[in-house]
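The values are calculated or read from the model by the stated rules, or taken from the named source; none is laboratory data. Just so it is clear, the model here is predicted, and its values are computed rather than measured. So basically every Cβ, Gly included, is an ideal-geometry build from the backbone, and we count neighbours across all protein chains shown.
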Amino acid sequence: MKIFNKSPFIALMLVVNLTGCVSSSGKVTRIDSKGLHDVDVNYGAEDLHMFTQKMVSSMLQSSFLKESEKSYIALGKIHINSGVNENIDLNLIKNTIRTNLIKSNKVNFIDAEHIGELEKELDYQNSSKYLDKSTVKKIGGFIARDYTLTGDIHAIKKDNGEILDNFYALSLRLTDVKTSAIVWSEEKEIRKQVRK
């Protein structure tokens, strides 16, 4: 009959049970995703909403868009350069701006990220003998972009031992593809401080 020491086994089971029981002590509360709920001075959801709201409302109220002869303008992929040393999700900024501009019905976007797939689909439709010809989309119907939307995001962080100070700036510009003129530009700055 084999006898084994139960102490390591009991210790292991205790660790497994205790780690499995670790959870937050508080109740989960849902909050308004667009409200101001800063928990620290770092970039967060509040800053995303402040940046994107400013950019979208400024562009939609701009004179060039109001005076445009077209019912909508066509934009391509948004490009934002990052000059920050922290993890700021640039895709989330771009997607939020794009979604809100499209909802305005004044701006359309060329799906530049998937243009290759769309070209393959058109080639397939126009070369396949199995498709109903009345449903085939003709080649040459893509619209060209009117403007490019580009920008930069930067951060400056200071810590003097007593105060932590974070400054963020997002700037965007809209450039006319035909003339290369910048027809709109906007900047939003956010500064947050906390005393240690």
Here is a list of conditions, (1) modelled with pLDDT of 95 or more; (2) crowded, with 17+ Cβ neighbours inside 10 Å, and Gln53 meets all of them except one; can you say which number that is?
(2)
Candidate set: region 140-170, residues that are in contact with a Phe, Trp or Tyr (Cβ under 9 Å, 6 or more places away or on another chain) and farther than 30 Å from Val107 by Cα; chosen: the one surrounded by the most Cβ atoms within 10 Å (Cβ to Cβ):
Asn166
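Which of the residues spanning region 58-100 are among the hydrophobic types (A, V, I, L, M, F, W, C) and in a loop (DSSP other than H, G, I, E, B)? I'd like the intermediate steps shown before the answer.
Let us first name the residues in region 58-100 that are among the hydrophobic types (A, V, I, L, M, F, W, C), namely 59-60, 64-65, 73-75, 78, 80, 84, 88, 90, 92-93, 97.
Answer for region 58-100, where residues must be among the hydrophobic types (A, V, I, L, M, F, W, C) and in a loop (DSSP other than H, G, I, E, B): Ile78, Val84, Ile88.
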Residue by residue through region 61-76, note down the ones that are surrounded by 15 or more Cβ atoms within 10 Å (Cβ to Cβ) and not hydroxyl-bearing (Ser, Thr, Tyr).
Leu65, Ile73, Ala74, Leu75, Gly76
I need the full set of residues from region 56-70 which are at pLDDT 95 or above and in contact with a strand residue (DSSP E or B) (Cβ under 7 Å, 6 or more places away or on another chain), in order please.
Ser58, Met59
Residue satisfying all of: in region 92-126; under 26 Å from Glu46 (Cα atoms) and exposed (fewer than 12 other Cβ atoms within 10 Å of the Cβ); modelled with the lowest pLDDT among these
Asn105
Sole residue being surrounded by fewer than 16 Cβ atoms within 10 Å (Cβ to Cβ) and in a strand (DSSP E or B), chosen from Arg173, Arg191:
Arg191
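Suppose we keep only residues that are of a type in the set (Phe, Trp, Tyr) and without any contact (Cβ under 8 Å) to a residue 40 or more places away in the chain within region 106-155. Which one would you say is nearest to Ser71 (Cα to Cα)?
So in region 106-155, the residues of a type in the set (Phe, Trp, Tyr) come out as 109, 124, 130, 142, 147.
Add one more test, that the residue is without any contact (Cβ under 8 Å) to a residue 40 or more places away in the chain, and what stays is 109, 124, 130, 142.
Details: Phe109: 14, Tyr124: 31, Tyr130: 37, Phe142: 17 Å.
In this case the residue turns out to be Phe109.
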Give me the pairs, please: first residue somewhere in region 165-181 and closer than 19 Å to Gly76 by Cβ, second residue anywhere and in a loop (DSSP other than H, G, I, E, B), beta-carbon distance under 8 Å, and either six or more positions apart or on two chains.
Thr175/Ala181; Asp176/Asp146; Val177/Ala144; Val177/Arg145; Val177/Asp146; Lys178/Asp146
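Do we have Gly161 as in a loop (DSSP other than H, G, I, E, B), over 17 Å from the mean Cα position of the chain (by Cα) and closer than 30 Å to Gln193 by Cα here? Steps first, please.
Numbers: in a loop (DSSP other than H, G, I, E, B): yes; over 17 Å from the mean Cα position of the chain (by Cα): yes; closer than 30 Å to Gln193 by Cα: yes.
Against the criterion (in a loop (DSSP other than H, G, I, E, B), over 17 Å from the mean Cα position of the chain (by Cα) and closer than 30 Å to Gln193 by Cα), Gly161 qualifies.
Check Ile139, Ile182, Ile163, Ile153 and return the single one that is modelled with pLDDT under 95 and in contact with a strand residue (DSSP E or B) (Cβ under 6 Å, 6 or more places away or on another chain).
Numbers: Ile139 fails: in contact with a strand residue (DSSP E or B) (Cβ under 6 Å, 6 or more places away or on another chain); Ile182 fails: modelled with pLDDT under 95; Ile153 fails: modelled with pLDDT under 95.
It is Ile163.
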